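Visitor: Below is the structure I would like to discuss, written out as C-alpha cells.
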Amino acid sequence: MQRFTCACGHILVFGSTHCPKCDHDVGYDPDRGVMVRLEPKGGMKLCENGVKHKVCNWLLSAAAPEKLCLACRMNRTIPDLNWGRNLMLWGKMEMAKRRLIYTLRRIGITLPSKAMNPKAGLAFDIVSTLSNPTVTTGHLNGVITVNLEEADDTYRQINRQQLGENSRTLLGHFRHESAHYLWQRFLSELSWEDPLRMAFRERFGDEWVDYAVALGNHYQKGPVAGWETSFITGYAASHPWEDWAETWAHYLQITDGLETCESMGIQVRHMALPLVMLPVEAGFLPTILKHEPAANDEFLAWLQRWICLSKVLNEVSNSIGESELYPYAIPVKVAQKLRLAHHYAKVWGLDKSKGTKV
Ligand SMILES: [Zn+2]
Ligand SMILES: [Zn+2]
Ligand SMILES: [Zn+2]
C-alpha cells in the first residue's frame with residue numbers, strides 16, 4: 001500500500017474518511033490513486049455506500065450518473081441491513097474487498113464489473129450463513145461469494161483453529177478467491193498447449209485431478225505429510241487449483257506488505273540483518289517459458305527483501321506480546337511458484353484487451 005497524504009500535509013491511510021489536522025472529510029480517488037479532500041466544488045463525490053452506510057471511502061466524479069464507486073458497483077448481493085450487526089460486519093468486508101481491488105489495479109489488471117461485462121467481469125455476493133445456511137465462500141464463473149459471518153473475529157478464529165490454519169483473514173479470502181477468478185479469466189481459455197498453461201502444470205501439477213475428491217480427501221485426512229517443503233499452506237496441497245489460489249493470495253500479500261513497508265520509509269539495506277540468500281533457482285520460471293535472468297534476479301531480490309522485513313515484523317509482534325505476524329516459511333519450490341505468479345501478474349497487467357476499462 002502506498003503512503004497517502006492530505007492536501008494539508010498530514011499522513012492519511014487507505015481507510016481514512018477525515019483528516020484530523022485540517023478537519024476536512026477525505027476519500028480515495030481510485031482513478032488517480034490519491035486521497036483527496038471532499039470539497040463542495042472539488043468535482044468528486046463520495047460513494048453512496050459511504051454517504052448512507054459509512055462503509056466506503058471511495059470517490060467518483062461528481063458528474064458521473066452512478067451513485068456507487070467502482071468497487072461497490074461490483075456487488076451483486078449485499079447483506080440484510082435491517083440487522084445492525086450486519087452493517088458492522090459488512091463494513092469490514094468492504095474494506096478488505098477494496099484493498100484487493102486496489103492491489104489488482106495497481107498491478108495493472110483491469111477489473112470490469114460483471115454487470116458491464118458478463119463474460120470476463122467480476123461480481124461479489126456478500127451473504128450471511130444466518131440468512132442462507134447453504135452459502136460457502138468461493139468463486140464460480142466470475143462471482144466471488146463470501147460468508148459475512150467470517151467478518152466476525154470470533155467466528156473466524158474458531159474456523160481457523162478447526163481447520164489448522166496459521167492465519168485466516170478477510171483479505172486473505174478475497175485474495176484467494178481472486179486467484180480462481182483470474183485463472184478462469186486468463187488461463188482456462190488458453191489452449192492446452194499454450195506455454196502459459198503448460199507452465200501452470202509444470203509448477204502446480206495437473207489441474208484435472210478430480211477436484212471434489214481431492215477436497216474431500218483434504219477435509220477428511222488433513223494435509224499430506226511433508227507439505228511444508230513444497231506448499232505455502234497445508235490447504236494448498238489439496239489440489240493444483242488451491243495451490244495456485246494460496247500462492248496467488250500469498251503473492252498479493254507480499255506485494256502489498258512490501259510496498260507498505262517501503263512507502264513508510266523502511267529500507268532493508270539499513271537493517272542490521274543479514275540478507276537471506278535464496279538459491280538462484282528459487283527465481284526460475286518453468287522450463288517451458290523463456291529464461292529471463294534479469295527478471296529472475298529482480299524477483300529474488302524482491303522476495304529476499306520481504307523475507308528480511310517479515311523477520312522484523314515477527315520480532316515486533318512478539319515484542320508487543322502477540323504471536324508471529326507472518327507465520328510462513330518460503331522453501332525453494334514455493335518461491336518458484338511465486339515467481340510464476342509474478343510472471344502472470346506482469347502478463348495480465350499488460351493485457352488490456354481482456355477487460356473493459358473500469
Ligand atoms: Zn488535512
Ligand atoms: Zn463504494
Ligand atoms: Zn479455493
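Visitor: Given Cβ point charges of +1 (Lys, Arg) and -1 (Asp, Glu) and nothing else, what value in debye, to the nearest 20, does the dipole of region 228-358 about its Cα centre take?
Guide: Values: 11 positive and 15 negative charges, 98 e Å.
Dipole of region 228-358, to the nearest 20 debye: 480 debye.
Visitor: Okay, next question. If Lys and Arg each add +1 and Asp and Glu each add -1, what is the summed charge of the other residues whose beta carbon sits under 10 Å from the beta carbon of Asp152?
Guide: Combined, the nearby Lys, Arg, Asp and Glu give 0.
Visitor: Rounded to the nearest 20 debye, what is the charge dipole size of region 4-69 about its Cα centre when +1 sits on each Lys and Arg Cβ and -1 on each Asp and Glu Cβ?
Guide: About 80 debye.
Visitor: In terms of Cα to Cα distance under 12 Å, which aspartates and glutamates are near enough to Lys311, apart from those fewer than 8 places away along the same chain?
Guide: Excluding near neighbours in sequence, the set is Glu324.
Visitor: For the chain, with every protein chain kept in place, what is the accessible area per residue (1.4 Å probe, Å²)?
Guide: Numbers: 17390 Å² over 358 residues.
Ligands and nucleic acids excluded, the result is 49 Å² per residue.
Visitor: Moving to a separate point now. In nm, to one decimal, how far is the modelled label at Thr134 from the one at Val209, with both set 7 Å along Cα→Cβ?
Guide: 2.9 nm
Visitor: Turning to a different aspect of this structure: Ignoring ligands, DNA and RNA, what percent of the accessible area of region 214-314 is carbon or sulfur (1.4 Å)? Please report the intermediate quantities before stating the final value.
Guide: Working: 2940 of 4770 Å².
Of all accessible area on region 214-314, carbon and sulfur atoms account for 62 percent.
Visitor: Heavy atoms only, 1.4 Å probe, whole protein assembly: order Ile107, Ile158 by accessible area, highest first.
Guide: Result of the area sort, largest leading: Ile158, Ile107.
Visitor: What do you reckon, how do Thr103, Thr145, Thr77 stack up by accessible area (1.4 Å probe), largest on top?
Guide: Numbers: Thr103 5, Thr145 30, Thr77 50 Å².
My answer, sorted largest first, is Thr77, Thr145, Thr103.
Visitor: Compute the length gained on full extension between Lys41 and Cys8: take 0.36 nm times their separation in residues and subtract their Cα-Cα distance, giving the result in nm to one decimal.
Guide: 10.1 nm
Visitor: Quick one: Karplus J couplings for region 297-312, per residue in order, coefficients 6.51, -1.76, 1.60, θ = phi - 60°, nearest Hz, x for Gly and Pro?
Guide: 5, 4, 4, 4, 4, 4, 5, 5, 4, 5, 4, 4, 4, 5, 5, 5
Visitor: Only Cα pairs within less than 10 Å get springs; with that Gaussian network setup on the chain, which residue of Ser238, Ser323, Ser16 has the largest fluctuation?
Guide: Ser323
Visitor: So what's the angle, to the nearest 10 degrees on a 0 to 90 scale, between helix 332-350 and the longest Cα principal axis of the chain?
Guide: The angle comes out near 50 degrees.
Visitor: Expressed in nm², what is the orientationally averaged projection area of the convex hull enclosing the Cα positions of region 1-138?
Guide: 9.5 nm²
Visitor: I'd like the distance between the alpha-carbon centres of region 75-115 and region 134-171, rounded to an integer number of Å.
Guide: About 14 Å separates the Cα centre of region 75-115 from the one of region 134-171.
Visitor: Here's something else I'd like to know. Could you tell me which of the pairs Lys221/Lys337; Lys21/Lys45; Lys21/Lys52; Lys41/Lys114 are separated by over 28 angstrom between their Cα atoms in the structure shown?
Guide: Numbers: Lys221/Lys337 25 Å; Lys21/Lys45 21 Å; Lys21/Lys52 25 Å; Lys41/Lys114 32 Å.
Listed pairs above 28 Å: Lys41/Lys114.
Visitor: Sticking with this structure for a sec: So for the pair Lys311, His270, with labels modelled 7 Å out along Cα→Cβ, what separation do we get in nm?
Guide: Label-label distance for Lys311 and His270, simple model: 1.9 nm.
Visitor: Pairing the Cα long axis of helix 153-162 with the longest principal axis of the chain, what angle in degrees results, from 0 to 90 and rounded to the nearest 10?
Guide: Helix 153-162 sits at roughly 10 degrees to that axis.
Visitor: Leaving out ligands, DNA and RNA, and with a 1.4 Å probe, what % of the accessible surface on region 4-69 is carbon or sulfur? Kindly include the intermediate steps, with their values, before the conclusion.
Guide: Values: 1910 of 3550 Å².
Taking all protein chains in place, region 4-69 shows 54 percent carbon and sulfur surface.
Visitor: So for the pair Asn82, Lys290, with labels modelled 7 Å out along Cα→Cβ, what separation do we get in nm?
Guide: So the two model labels end up 6.0 nm from each other.
Visitor: If one takes the longest principal axis of the Cα atoms in the chain, at what angle in degrees, from 0 to 90 and to the nearest 10, does the Cα axis of helix 211-221 lie?
Guide: 80 degrees
Visitor: Could I ask something else about it? Would you calculate, for the chain, the mean residue ellipticity at 222 nm contributed by helices, counting each DSSP H stretch of 4 or more residues as -39,500 (n - 2.57) and dividing by all residues, to the nearest 500?
Guide: -13500 deg cm²/dmol
Visitor: Quick one: in the chain, what % of C-alpha pairs are over 37 Å apart?
Guide: Of all Cα-Cα distances in the chain, 20 percent exceed 37 Å.
Visitor: Something else: What net charge do the residues around Val135 carry, taking every other residue with its C-beta under 12 Å from that of Val135, with Lys and Arg at +1 and Asp and Glu at -1?
Guide: Here the charged neighbours net out to -3.
The values are calculated or read from the model by the stated rules, or taken from the named source; none is laboratory data. Quantities reported herein were computed from a predicted structural model and do not represent experimental measurements. A quick note on method: Cβ atoms are made from the backbone with ideal geometry, for glycine too, and the neighbour counts reach across all protein chains shown. The area values use the complete protein model at the heavy-atom level, side chains included, leaving out ligands, DNA and RNA. Shrake-Rupley method; radii C 1.70, N 1.55, O 1.52, S 1.80 Å.
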